[in-house]
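Trainee: I'd like to ask some things about the structure below.
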Amino acid sequence: MAQVNFEDFYKVPELKFDISKLRSDLNLILENKKFKSPGVTHFGAISLNQIPNDEDSIEGNNIRGKYWTIADETGKEVSRDIDIDESKYTQLVPEFNNTYFAKVYEVLRKRFKLGRVRLLLKEPRSTLSWHKDPECRLHIPIITNAGCSMVIENVAKHLPADGSVWITNNTKYHNFFNGGEQARVHLVACILESPFKN
């Protein structure tokens, strides 16, 4: 039997947030904002940060960003979408001021070099495409279920919604699936300095 290795999933030690506050303030945000679909089925995003004074930086393709995929049986890798200068995303979107998300954002910014920070929705009984991203991602699961797992190459891992912070190696081929009957919501941040060895 093969040994399972979680080296591409890193649980950040001694960093944990209040899951009840995250869920409560998520509900407040959802009273005024809805998840936007950036052209991906069963997927939605709400941006927490933007390029200063540039509301267009959280619209359209800027929500999704560049990625690579193997689209068909030829096995040829293709690039999708546009390059994004992640380092320019430094301003909290005003709707998040005076929420627990503002505190979380400030704590994370002091500890990590961040790019875009988003709330990402994965609808029930759905999956993302097999793809890789330009950078690693930080995850704080807010709502999840036992049917949710992230797969990096051939390793699947469930990330529990307990306030923990995870960094995943999205520079490798991966996907995320929600096999449950409840929507999954994670806070996801692009990490501009990778903790993983290449």
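Trainee: Only residues that are surrounded by 16 or more Cβ atoms within 10 Å (Cβ to Cβ) and either without any contact (Cβ under 8 Å) to a residue 60 or more places away in the chain or not in a strand (DSSP E or B) (or both): list them for the range 146-155, please.
Mentor: Our first condition is that a residue be surrounded by 16 or more Cβ atoms within 10 Å (Cβ to Cβ); within the range 146-155, this holds for 148-152, 155.
Listed by number, the residues that qualify are 148, 149, 151.
Trainee: Tell me which of these residue 63 doesn't satisfy, since it passes every other one: (1) in contact with a Ser or Thr (Cβ under 7 Å, 6 or more places away or on another chain); (2) at pLDDT 95 or above.
Mentor: Only one criterion in (1) in contact with a Ser or Thr (Cβ under 7 Å, 6 or more places away or on another chain); (2) at pLDDT 95 or above is unmet by residue 63, namely (2).
Trainee: Just the residues that are within 13 Å of the chain's Cα centre (by Cα) and either farther than 21 Å from residue 36 by Cβ or of a type in the set (A, V, I, L, M, F, W, C) (or both), please, taken from the range 150-170. Spell out how you get there, then give the answer.
Mentor: Step one: filter the range 150-170 for residues within 13 Å of the chain's Cα centre (by Cα), giving 150, 159, 165-170.
Once the filter is applied, which keeps residues that are within 13 Å of the chain's Cα centre (by Cα) and either farther than 21 Å from residue 36 by Cβ or of a type in the set (A, V, I, L, M, F, W, C) (or both), the range 150-170 yields 150, 159, 165, 166, 167, 168, 169.
Every residue, every condition in (1) β-branched (Val, Ile, Thr); (2) closer than 26 Å to residue 32 by Cβ; (3) touching a Cys at 6+ places or on another chain (Cβ under 8 Å); (4) part of a strand (DSSP E or B), yes or no:
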position: 45; (1), (2), (3), (4): no, yes, no, yes
position: 75; (1), (2), (3), (4): no, no, no, no
position: 103; (1), (2), (3), (4): no, yes, no, no
position: 107; (1), (2), (3), (4): yes, yes, no, no
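Trainee: For the condition more than 22 Å from residue 194 (Cβ to Cβ), under 18 Å from the mean Cα position of the chain (by Cα), among the small types (Gly, Ala, Ser) and in a helix (DSSP H, G or I), what is the one hit in 24, 57? Don't jump to the end; show me each part of the working.
Mentor: Working: 24 fails: under 18 Å from the mean Cα position of the chain (by Cα).
Residue meeting the stated conditions: 57.
Trainee: Of all residues in the range 30-88, count the ones that are surrounded by 12 or more Cβ atoms within 10 Å (Cβ to Cβ) and of a type in the set (D, E, K, R).
Mentor: 11
Trainee: Give the residues of the range 160-191 that are farther than 15 Å from residue 121 by Cβ and either without any contact (Cβ under 8 Å) to a residue 40 or more places away in the chain or touching a Cys at 6+ places or on another chain (Cβ under 9 Å) (or both), sorted by residue number.
Mentor: Taking the range 160-191 and keeping what is farther than 15 Å from residue 121 by Cβ, we get 160, 162-175, 179, 189-191.
Passing the criteria: 160, 167, 168, 169, 170, 171, 179, 190, 191.
Trainee: Does the range 174-194 include one or more residues that are more than 15 Å from the chain's Cα centre (by Cα), farther than 24 Å from residue 28 by Cα and outside any loop (DSSP other than H, G, I, E, B)?
Mentor: There is no residue in the range 174-194 that is more than 15 Å from the chain's Cα centre (by Cα), farther than 24 Å from residue 28 by Cα and outside any loop (DSSP other than H, G, I, E, B).
The values are calculated or read from the model by the stated rules, or taken from the named source; none is laboratory data. Note that the coordinates shown come from a computational prediction; the quantities given were computed from them, not determined experimentally. So basically every Cβ, Gly included, is an ideal-geometry build from the backbone, and we count neighbours across all protein chains shown.
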